[in-house]
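Coordinate-derived values only; no laboratory data. Predicted model only: the values in this text are computed from it and were never measured. Note: ideal-geometry Cβ built from the backbone for every residue, glycine included; neighbour counts use all protein chains shown.
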Amino acid sequence: MIDSIYGAIALGLLYALMALGVYMTFRILNFPDLTVDGSFATGGGIAAVMITHGYHPALATLAAFAGGILAGMCTGLLHTKGKVNGLLAGILMMIALHSINLRIMGKPNVSIVNVDTLISPIVKPVGLFILVAGIGVLIVKLLLDVFLHTDTGLALRATGDNERMIRSFGANTDRTKILGVSLSNGLVAVSGALIAQQGGFADVTMGVGMIVIGLASVIIGEAIFGARSVFFATLAVVLGSIIYRIVVALALRVELLKASDLKLVTALIVIVALVVPYVRRVLKQRSVARKRSAELLSTAMPGKGGRS
Amino acid sequence: MLNLINATKLFNPGTPDEKIALINANLNIKPGDFITVIGSNGAGKSTLMNLISGVLKPDIGQVVVEGTEIQSMPEHKRSRWIGRVFQDPMAGTAPTMTIEENLTMAYKRGKPRGLAWGATAAKRKLFREQLSRIGIGLEDRMSAKVGLLSGGERQALSLLMATFTRPQILLLDEHTAALDPARAELITRLTQEIVREMNLTTLMVTHNMEQAIRLGNRLIMMDQGRIILDIPEERKSSLTVSQLLGEFERISGHQLSDDRIVLG
């Protein structure tokens with residue numbers, strides 16, 4: 001039980017980079033980018049192939065980052081210059097990447113068992129793994145925070161917030177969108193590369209459903225920890241990714257569920273996380289409106305049922 | 001300063017809904033001009049602004065700023081010269097970002113954006129001074145998100161953001177129309193002060209006839225995509241609202257029709 005939770009925390013940290021990528025597109029750019037399912041496997045594939053060819057795993061992970069950036073750039077160009085609908089641009093790239101990933105890997109599954117990877121020196125004990133991975137993710141998170149407070153980062157955030165406004169202050173919003181989607185997919189691909197190294201293989205289907213998992217992490221994190229500033233929002237995303245993995249680990253221990261039910265459970269988590277805050281907001285607004293109306297009525301008509 | 005030469009713009013060309021938004025418009029804006037623009041619905045006032053700011057590009061004609069033809073330059077590049085305040089108080093600021101972050105972005109108008117930290121201490125000091133000039137207490141709320149401000153406060157901030165970097169041209173597109181009278185008056189007063197102090201060349205579209213006469217040194221009247229009257233300072237100072245409406249009817253042959261018009 002405890003072991004499976006530690007394992008979940010470790011996995012959550014590796015997937016947190018992917019969740020940060022999804023946070024960048026969904027929340028900051030307000031652009032639902034579905035490239036993620038493809039670029040996650042691209043990252044895993046590039047890393048696995050390079051490691052089997054004897055390259056240093058750090059170099060392989062860096063190459064995965066570059067591959068993800070390239071994939072994101074294509075989606076960004078399709079959307080901004082080709083004026084393709086954002087969802088469609090992502091889906092097109094996701095499909096295209098499936099073939100590209102097979103070309104990169106040469107076969108659907110590349111094994112990297114019994115080879116040195118970035119993960120292998122720290123894989124045991126799990127405490128060490130969590131510590132090292134935690135520090136690594138924290139550094140990426142802080143770098144992202146700093147970036148989002150630079151002049152370029154501010155323009156990127158404003159592009160998702162009020163595109164018209166930031167254009168009137170001279171930012172090229174096509175460029176900020178491409179930059180954001182590229183960086184996002186770079187992070188996703190690094191996450192894929194790390195997951196491949198942790199699992200000992202890259203599979204062409206390893207990215208399926210990633211976008212929903214990333215979204216689940218973002219939403220869970222925001223719901224529990226809040227997102228009052230960029231610093232807390234990215235922290236919430238990392239913690240959301242860990243909590244998601246813990247929830248999954250616990251769900252899998254329930255007798256009724258099979259491992260194949262994982263995607264259904266994920267979808268349900270996202271649905272609950274999306275619907276519950278909405279219902280709560282509506283109910284709250286209604287009660288506030290009633291209360292304020294009653295107050296206004298009682299002040300407007302003193303002596304007519306009002307408490308004065 | 002800024003010249004519009006034979007600028008023409010059609011909407012939905014070649015379709016049954018074809019509409020002449022602006023036809024053969026010529027306008028010569030001199031440095032320091034503060035021009036108010038009035039006209040009926042669909043007269044082409046917003047099109048005029050959009051051609052200058054680059055939101056729209058003219059089908060025929062030129063837009064020239066300080067000797068450079070800019071009609072095919074994209075909007076974000078023209079921002080170097082042009083400051084804008086929109087009608088919608090929500091349009092000029094980024095709601096999920098703080099006041100100081102919004103000002104930082106405005107500070108970088110027309111300059112390259114790199115990887116330097118945005119809201120530095122030196123810039124925050126400058127922003128605090130600038131915010132205290134508009135006198136509504138925003139200087140003490142610099143790390144508040146702009147989405148928490150009222151419409152009037154947001155519009156005052158938009159006005160400051162559009163002007164404090166001294167744009168060559170300031171475009172105000174009915175920027176008080178969505179506010180209640182008291183707040184509209186505050187923004188009008190601020191506009192007057194800022195334009196005068198910084199000697200900004202300004203083009204202001206308004207529905208308020210009295211305001212159109214009271215503010216600025218030149219008044220332009222538009223109708224059906226044409227600039228039909230250009231009143232210079234000497235005549236404008238003695239003009240009344242009824243004279244203005246009479247003049248409009250005489251030239252255009254119909255009444256100034258506008259569901260939102262305010263006579264003042």
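Its DSSP H runs of at least 4 residues, each contributing -39,500 (n - 2.57), put the calculated 222 nm mean residue ellipticity of the protein assembly as shown at -18500 deg cm²/dmol, to the nearest 500. Taking every alpha-carbon pair under 8 Å whose residues sit at least 6 apart, chain B reaches a relative contact order of 26 percent.
Assigning unit charges at the beta carbon (Lys, Arg +1; Asp, Glu -1) and nothing else, what dipole magnitude in debye, to the nearest 20, does the stretch B:59-109 show about its Cα centre?
Rounded to the nearest 20 debye, it is 140 debye.
Spin-label model, A:ILE2 to A:VAL132: label points 7 Å out along the Cα-to-beta-carbon direction sit 2.3 nm apart.
You can think of it this way: the chain between A:PHE231 and A:ILE95 has 45.6 nm of extra reach, that is 0.36 nm per residue less the Cα-Cα gap. Expressed per residue, the C-alpha convex hull volume of the protein assembly as shown stands at 221 Å³.
Taking the stretch A:74-133, which trypsin sites (Lys or Arg not before Pro) meet the DSSP loop condition and have no more than 13 other C-beta atoms within 10 Å?
Qualifying residues, ordered by number: A:LYS81, A:LYS83.
Each of A:MET165, B:MET198, A:MET93 was scored by other Cβ atoms within 10 Å of its Cβ. Arranged with the fewest first, they read B:MET198, A:MET165, A:MET93. Counting only residues at least eight positions apart within a chain, or on another chain, the lysines with an alpha carbon under 21 Å from that of B:LYS19 are B:LYS9, B:LYS45, B:LYS57. Please check chain B for the longest run free of GluC sites (Glu not before Pro) that are loop-located per DSSP (anything but H, G, I, E, B) and have at most 13 other Cβ atoms within 10 Å. It works out to B:67-264. For the stretch A:141-203 versus the stretch A:91-108, the inter-centroid distance based on Cα atoms is 22 Å. What the phi angles of the stretch B:136-146 give under the Karplus curve with 6.51, -1.76 and 1.60, with θ = phi - 60°, is a coupling list of 10, x, 5, 5, 9, 10, 5, 9, 7, 6, 5 Hz, glycine and proline written as x. Listed values for the stretch A:193-210 are Karplus-derived 3J(HN,Hα) couplings in whole Hz (6.51 cos²θ - 1.76 cosθ + 1.60, θ = phi - 60°), namely 4, 5, 5, 4, 5, 6, x, x, 6, 10, 10, 5, 9, 5, x, 4, x, 4, and x replaces Gly and Pro. Rounded to 0.05, the FRET efficiency of the A:SER260 and A:ARG164 pair, given R0 = 60 Å and the Cβ-Cβ distance, is 0.85. Taking the charge dipole of chain B about its Cα centre, with +1 at Lys and Arg Cβ atoms and -1 at Asp and Glu Cβ atoms, the residue from B:ASN3, B:GLN255, B:THR176 reaching farthest to the positive side is B:ASN3. Less than 5 angstrom separates the built amide H of A:ASP33 from those of A:PHE26, all sequence-distant by 5 or more or on a different chain.
Compute the FRET efficiency between B:SER237 and B:MET1 as 1/(1 + (r/R0)^6), taking r as their Cβ-Cβ distance and R0 = 22 Å, and round to the nearest 0.05.
For R0 = 22 Å, the calculated efficiency reads 0.50.
Once the convex hull of all Cα atoms in chain B is built, its volume per residue stands at 141 Å³. A quarter of the convex hull surface defined by the alpha-carbon atoms of the stretch A:157-308 gives 15.7 nm² as the mean projection. In this simple spin-label approximation, B:ASP59 and B:ALA116 carry label points 7 Å from Cα along the Cα→Cβ vector, and these lie 4.5 nm apart. Relative contact order for the stretch B:124-264: 17 percent, from Cα pairs under 8 Å spaced at least 6 residues apart, divided by residue count.
Placing R0 at 51 angstrom, the Cβ-Cβ distance between A:ILE271 and B:GLU66 gives a FRET efficiency of 0.35 after rounding to 0.05. So what's the gap between the Cα centers of the stretch A:1-70 and the stretch A:234-281, to the nearest angstrom? Here the answer is 19 Å between Cα centres. In order along the stretch A:37-49, the phi-based Karplus estimate (6.51 cos²θ - 1.76 cosθ + 1.60, θ = phi - 60°) of 3J(HN,Hα) comes to 4, x, 6, 4, 5, 4, x, x, x, 4, 4, 5, 4 Hz; Gly and Pro are listed as x. For a modelled paramagnetic label at B:ASP230, 7 Å from Cα along Cα-to-Cβ, the residues of the stretch B:1-15 in reach, with backbone nitrogen under 14 Å, are B:1-7. For the cross-link pairs A:LYS81/B:LYS145; A:LYS284/B:LYS145; A:LYS141/B:LYS77; A:LYS81/A:LYS263, which exceed 30 Å when the distance is taken from alpha carbon to alpha carbon? Going by Cα-Cα distance, A:LYS81/B:LYS145; A:LYS141/B:LYS77; A:LYS81/A:LYS263 fall outside the 30 Å limit.
Would you mind ranking B:HIS207, A:HIS98 by Cβ crowding within 10 Å, fewest neighbours first? Don't skip to the end; give the middle numbers.
Numbers: B:HIS207 20, A:HIS98 17.
Ascending Cβ contact count within 10 Å gives the list A:HIS98, B:HIS207.
Close amide H contacts of B:THR201 (hydrogens built in the peptide plane, cut-off under 5 Å, sequence separation of 5 or more or a different chain): B:GLY32, B:LEU170.
Mean sequence separation of contacting Cα pairs (under 8 Å, at least six apart), scaled by the length of the stretch B:43-120, corresponds to a relative contact order of 22 percent.
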